[in-house]
Amino acid sequence: MRRDWPEDFKAEMAARSMMPGVNASALAREIGISPSQLFGWRRYCRDHGLVETVGDVSARRAEERGLIEIEINGVVVRCTGSVDERALARVIRAVRAA
């Protein structure tokens, strides 16, 4: 017998399965479906804008809080909130000199 899952439940489980540290296959077994079905829900929900990927959420949060990210010689410098220009310039000089 084929079960008809509500779309909001699918979206909730898809979002839950994309949380950092969550084992999607274990979650699928927990709710009584196959892992491939859960991955199908994830794809459907992502494609229809019902859930955000972790990357989407990270990018949105960075925009909301004002994030500056600079990569210099393989070193990533991240600054959030308001940044003092002179202090940032000192950090960049120090990273380049290292």
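Region 1-84 holds helices (runs of 4 or more DSSP H) entirely within its bounds, and those carrying 3 or more residues that are over 30 Å from residue 95 (Cβ atoms) and modelled with pLDDT of 80 or more map to 7-17, 24-31, 35-47.
Selection of region 38-56 for residues being free of Cβ contacts under 8 Å to residues at least 24 places away in the same chain and surrounded by fewer than 15 Cβ atoms within 10 Å (Cβ to Cβ) yields 40, 43, 47, 48, 49, 55, 56.
The values are calculated or read from the model by the stated rules, or taken from the named source; none is laboratory data. Just so it is clear, the structure is predicted and the values come from calculations on it, not from any experiment. Quick reminder, even Gly has a Cβ in these numbers, built from the backbone with ideal geometry, and neighbours come from all protein chains shown.
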